[in-house]
1. Please find, among C:Thr23, C:Thr33, C:Thr65, the residue that is within 7 Å of chain B (Cβ to nearest Cβ) and buried (at least 16 other Cβ atoms within 10 Å of the Cβ).
2. In this structure, is A:Gly24 facing chain B (nearest Cβ under 10 Å), modelled with pLDDT of 90 or more, part of a helix (DSSP H, G or I) and touching an Asp or Glu at 6+ places or on another chain (Cβ under 8 Å)?
3. Out of segment A:27-47, which residues are within 7 Å of chain B (Cβ to nearest Cβ) and touching a residue at least 24 places away in the same chain (Cβ under 8 Å)?
4. Within segment A:59-76, can you find the residues that are within 20 Å of the chain's Cα centre (by Cα), free of Cβ contacts under 8 Å to residues at least 24 places away in the same chain and at the interface with chain B (Cβ under 7 Å from one of its Cβ atoms)?
5. Can you tell me which condition C:Met1 does not meet? The list is (1) within 10 Å of chain B (Cβ to nearest Cβ); (2) in contact (Cβ under 8 Å) with a residue 12 or more places away in the chain, and all the others hold.
Amino acid sequence: MIDIVLDVLSWILILLGSACVLIGGIGGLRLPNFYTRIHAASLTDTMATILIFVGMMLQAGFTLATLKLFAIMLFLLLTGPTATYALANAALLSGLKPDAVTDSDKPKENTPE
Amino acid sequence: MYVVVSVAILVTMVLALVRALKGPTVYDRVLAVNVFGTKTVLLLAVIAFLYGRPDFLDLALAYALINMVGILAVLEFFQNRSQRTPKGEDD
Amino acid sequence: MILIFGLFLLSLLVITAVAIVRTKDLFVAVMLTSIFSLLMAANFFILDAADVALTEAAVGAGVTTVIFLCALALTGDREKPREGGRGLALGTVGVLALLIIYATFDKPRLGDPDAPVHQHIAPWYIEKTTEYMDFPNVVTAILSSFRGYDTLGEVFVVFAACIGVLFILGVSPPRKLLRVKDSSNGLRHHLIPQVVGRLLIPFIVLFGLYTQFHGEYGPGGGFQAGAIIATGVILYALLEGEDNALRAIPRGVLLGMVVGGALLFGGVGIVCMLMGGAFLDYSVLAADPVWGQQLGILIIEAGVGMAVCGALLAIFHAFAARERMS
């Protein structure tokens, strides 16, 4: 009984994680500005990492593989936001302005807001 | 189940590659490389599980550590470059 | 299924390669080369070659990108405009590619159990590894013991490459070193990368040592471990400055590691000869031949790891010191 619950739970988590990954990829292409693309890329990266790795850890049980998965998840959680911070900082300090109209995909003039 | 995840991650890798090829500024390309690196770690971990060989998780661990060093090195050298020659965006 | 993944990744590889050739900005080319290395690592992984995938990821996507960027910082970063056509080059490459594709028509299919290589060589290696060396990783056994001469040659190639680069760039910068400009925008003045980097460096070095000594049981070995430890020290150099990194591991120690690694490998071979066996025949190193083989492999992998780590760090410091001077 308990393993069916674990199975279904890990299925759900892994599918949600893959949905996050896809959303991040689509966002990276369609969003208009560099700073908005960073949002899409980094947020969905971290969320997908947590969901997929917790799903896989539930499948693996109490083995060495679970420890390794936990270590990989921990390192990705530490290094992902750091890389994002460094990237955004570098872009800001070398003059790229966070202004929605500076990029090639310009938003239309009268958007229904 | 793992096949679905692998397909999703591969599609995102293609989208990141498109951003790396298209991106108007250099920082877009660095962002694309970062996303590509993280997705590679995810793909390696998922395929290691798909194969049923958990000792291949060492590769994902190694790459998760090395990815950040690569991005930080890129940013350090890019800052030095932009200090020497004031340049905004490139093609 | 694996075939489809493999084909998909290979087509991404072709797209990336075409983009690398066609771009004129070299910085973009370096970024795309990093993506290329990642795709190759994923490809190797899908083909079940874990040791090669680990080496490609550690060396290609990590250290090589950093060294290319150091080189770009010294030279310009746009390609010089070329005059004249590329007809001759395109023609030559096209003819050679067609010849190679024609030559692959005779190859047995991937994973075919009737292929000649699976009839006598592969089963022999798989049996004899358990009999002679008693550990699971056949790749390490072939690399370090059955084909030890090739690995000896590789270590000496790494050594020669390091010497070549140091001849061109100079071991240490000349006396008239300008005052080091304290770039106020460098990484060393930001808190978050400093904190996270200091947390990660011991883990990277620990993981490098784990890979070094675990090479007999899983993917790993000397080359990968050397690249991972070099990455850890490069992270330290990025966060704290090259001066502090040189104070931590001075140039003399780096050169000693390169030379010592190569000599260690050759020395083990000579010790084997002195103890009565052939060159690089580790069974004579101890009373029990299986333990002798394991001891020999342990020592030469340590030699390989030292040589690779020292070479990569020496090359990095040579580039970085030149950049500081300009």
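1. Sole residue among the options that is within 7 Å of chain B (Cβ to nearest Cβ) and buried (at least 16 other Cβ atoms within 10 Å of the Cβ): C:Thr65.
2. yes
3. A:Phe34, A:Ile38, A:Ala41, A:Asp45
4. A:Leu69, A:Ala71, A:Ile72, A:Phe75
5. Only one criterion is unmet by C:Met1, namely (2).
Each row is one residue, and each column tells you yes or no for (1) within 11 Å of chain B (Cβ to nearest Cβ); (2) at pLDDT below 90; (3) more than 30 Å from B:Arg53 (Cβ to Cβ).
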| site | (1), (2), (3) |
| --- | --- |
| C:Gly186 | yes, yes, yes |
| C:Gly197 | yes, yes, yes |
| C:Phe203 | yes, no, no |
| C:Phe207 | yes, no, no |
| C:Pro219 | yes, yes, no |
| C:Gly226 | no, no, no |
| C:Thr231 | yes, no, no |
| C:Leu235 | yes, no, no |
| C:Ala245 | no, yes, yes |
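Table: residues versus (1) part of a loop (DSSP other than H, G, I, E, B); (2) modelled with pLDDT of 90 or more; (3) charged (D, E, K, R).
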site: A:Leu16; (1), (2), (3): no, yes, no
site: A:Leu43; (1), (2), (3): no, yes, no
site: A:Ala48; (1), (2), (3): no, yes, no
site: A:Ile72; (1), (2), (3): no, yes, no
site: A:Phe75; (1), (2), (3): no, yes, no
site: A:Ser104; (1), (2), (3): yes, no, no
site: A:Glu113; (1), (2), (3): yes, no, yes
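Let's see how each residue does on (1) under 22 Å from the mean Cα position of the chain (by Cα); (2) acidic (Asp, Glu); (3) closer than 21 Å to C:Thr140 by Cα; (4) assigned to a helix (DSSP H, G or I):
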site: C:Leu264; (1), (2), (3), (4): yes, no, yes, yes
site: C:Met273; (1), (2), (3), (4): no, no, no, yes
site: C:Val284; (1), (2), (3), (4): no, no, yes, yes
site: C:Gly292; (1), (2), (3), (4): no, no, yes, yes
site: C:Leu295; (1), (2), (3), (4): no, no, yes, yes
site: C:Ile300; (1), (2), (3), (4): yes, no, yes, yes
site: C:Ala307; (1), (2), (3), (4): yes, no, yes, yes
site: C:Ala314; (1), (2), (3), (4): yes, no, no, yes
site: C:Ala321; (1), (2), (3), (4): no, no, no, yes
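The values are calculated or read from the model by the stated rules, or taken from the named source; none is laboratory data. It should be emphasised that the depicted structure is a prediction, and the values quoted were computed from it without experimental measurement. Every residue, glycine as well, gets a Cβ built from its backbone with ideal geometry; the counts of neighbours run over all protein chains shown.
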